[in-house]
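Novice: Right, I'll just put the structure down here and ask away after.
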Amino acid sequence: MADTNKVLYIPAKGQVELLERPLPRISDGFALVKVQIAPICDEVRIYRDHTIDWYERADGMGHEGVGEVVEVRPGSKFKVGDRVIIYNGMPCGECWVCTNTGGFCHCMSRWVGARIEEVNGNASGGFGFSQYRTPPENQLQKIPDGMSYEHAAAAGCLIGTIFSPMLELGVNATDIVLITGLGFVGLGGVVSAKYLGARVIAAVRHPYRRQLTLEVGADWIVDREDPNVLEQIREITGNRRGADVVMECSGYHAYRRLALDAARSYGKVRFLGYFPRDPEPFPIHIEHDLLDKHLFISGSHDSSIEHRDKLVEMIARSGKAIDKLVTHKFPMSQAKEAFETILTRNCAKVYLYPQE
Ligand SMILES: [Zn+2]
Ligand SMILES: [Zn+2]
């Protein structure tokens, strides 16, 4: 094993460096994992704008990942050589959310990577864009034999972030699901909804993503800017006059408005799109949007611990679709090219390989 840990650093807008940090150590309850794949998620915004938002530092990036356990503490339920999915963060295990729900990302202490390093007494290891990472064991899940790292890495935000909410909302074969915003989360949503037997309307404009949306099985495509978009959705959904479930994955106000307007009465709307740059809060009209339609609205960031087994089973049976959605793979040494590729939007999920 190397005695240093290479980590990715974004010193300024549009710049990427690799830093050498000491190999992290682990305390009880943590494992040392050699990261094999670090999928890129909202970190591209840090590359583009250098607004750090929920990350605390520019040398601690990346929250998704898979890898190989290379060191454990006595009494660990993992062993050296285990292949694992790493779920992000460090839930406290004690707050109301941790003890009553499976939503680790909504832990009321919100301990992210920097705190993992603090607890282990390290200068690195809390984050995904690194060669070695020190996740808490309760955020690890063994990868089944025969499943590739490439497929297992979809358990992060490509599939997990939207499949888990669909299980929570009870999406099933009687549903017509509208997905607004077809970045990789929305695309993962098409695969998830089809897996659950539902039919899918996708509101997508970008030509590359429109094509991918069709390839992974969307039943209907609509265009948010078409003045008749609501009429089209009502026609598709017949006497329901709207989608049973809407998954809003863009974070843009125009799509958020479409999500509320296109849901049927008594429908469910889940907001997943995260857009911290938008300066204005999104206006919801309580009478028109909620009371008149008896709408159920909710939001979430991530998958639930309770859905991990079902998530891995879904991924095992959706390999071909996941292969289509992982459109680009780069060594971490070429992270700049990876970020630039994402900014073109001619991509879906992009993987970094930290060992290369
Ligand atoms: Zn907690
Ligand atoms: Zn993510």
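Novice: Within segment 101-116, is there a residue that is more than 16 Å from ligand 1 (Cβ to nearest atom), open to solvent by 10 Å² or more (accessible area, probe 1.4 Å) and over 13 Å from residue 312 (Cα atoms)? Don't jump to the end; show me each part of the working.
Specialist: Step one: filter segment 101-116 for residues more than 16 Å from ligand 1 (Cβ to nearest atom), giving 114.
Checking the rest, the ones that are also open to solvent by 10 Å² or more (accessible area, probe 1.4 Å) come to 114.
Keeping just the survivors that are over 13 Å from residue 312 (Cα atoms) gives 114.
Yes, the conditions are met somewhere in segment 101-116.
Novice: Then there is this: Among the residues of segment 310-342 satisfying the criterion of being hydrophobic (A, V, I, L, M, F, W, C) and out of contact with any helix residue (DSSP H, G or I) (no Cβ under 8 Å at 6 or more places or on another chain), which is nearest to residue 7 (Cα to Cα)?
Specialist: Our first condition is that a residue be hydrophobic (A, V, I, L, M, F, W, C); within segment 310-342, this holds for 311-312, 314-316, 321-322, 325-326, 330, 332, 335, 338-339, 342.
Checking the rest, the ones that are also out of contact with any helix residue (DSSP H, G or I) (no Cβ under 8 Å at 6 or more places or on another chain) come to 332, 335, 338.
Numbers: 332: 9, 335: 11, 338: 16 Å.
Only one residue fits best here, namely 332.
Novice: A further question on this structure: For segment 188-211, give me the residue count where each residue is in contact with a strand residue (DSSP E or B) (Cβ under 8 Å, 6 or more places away or on another chain), hydrophobic (A, V, I, L, M, F, W, C) and within 19 Å of residue 315 (Cβ to Cβ).
Specialist: 4
Novice: Can you confirm whether segment 179-186 contains a residue that is within 18 Å of the chain's Cα centre (by Cα), on the phi > 0 side of the Ramachandran plot and not assigned by TED's automatic domain parsing to the domain that holds residue 317?
Specialist: Scanning segment 179-186 turns up at least one residue that is within 18 Å of the chain's Cα centre (by Cα), on the phi > 0 side of the Ramachandran plot and not assigned by TED's automatic domain parsing to the domain that holds residue 317.
Novice: Could I ask something else about it? Which one of the conditions (1) within 16 Å of ligand 2 (Cβ to nearest atom); (2) at negative phi; (3) surrounded by fewer than 24 Cβ atoms within 10 Å (Cβ to Cβ) does residue 140 fail to meet, given that it meets all the rest?
Specialist: (1)
Novice: Moving on to the next point. Pick out, from segment 31-135, the helices (runs of 4 or more DSSP H) lying fully within it that include 1 or more residues that are in contact with a helix residue (DSSP H, G or I) (Cβ under 6 Å, 6 or more places away or on another chain) and over 20 Å from residue 152 (Cα atoms).
Specialist: 43-49, 96-100
Novice: Next question. Anything in segment 303-354 that is open to solvent by 20 Å² or more (accessible area, probe 1.4 Å) and within 16 Å of ligand 1 (Cβ to nearest atom)? List them, or say none.
Specialist: Residues satisfying the conditions are 305, 306.
Novice: Restricting to segment 40-96, count the residues that are within 13 Å of ligand 2 (Cβ to nearest atom), among the charged types (D, E, K, R) and within 25 Å of residue 23 (Cβ to Cβ).
Specialist: Selection size over segment 40-96: 2.
The values are calculated or read from the model by the stated rules, or taken from the named source; none is laboratory data. These figures come from a predicted structure and were not determined experimentally. No Cβ is skipped: glycine too gets one built from the backbone with ideal geometry, and neighbour counts run over all protein chains shown. Heads up: the accessible areas ignore ligands, DNA and RNA and are worked out on the full protein's heavy atoms, side chains in. Shrake-Rupley method; radii C 1.70, N 1.55, O 1.52, S 1.80 Å.
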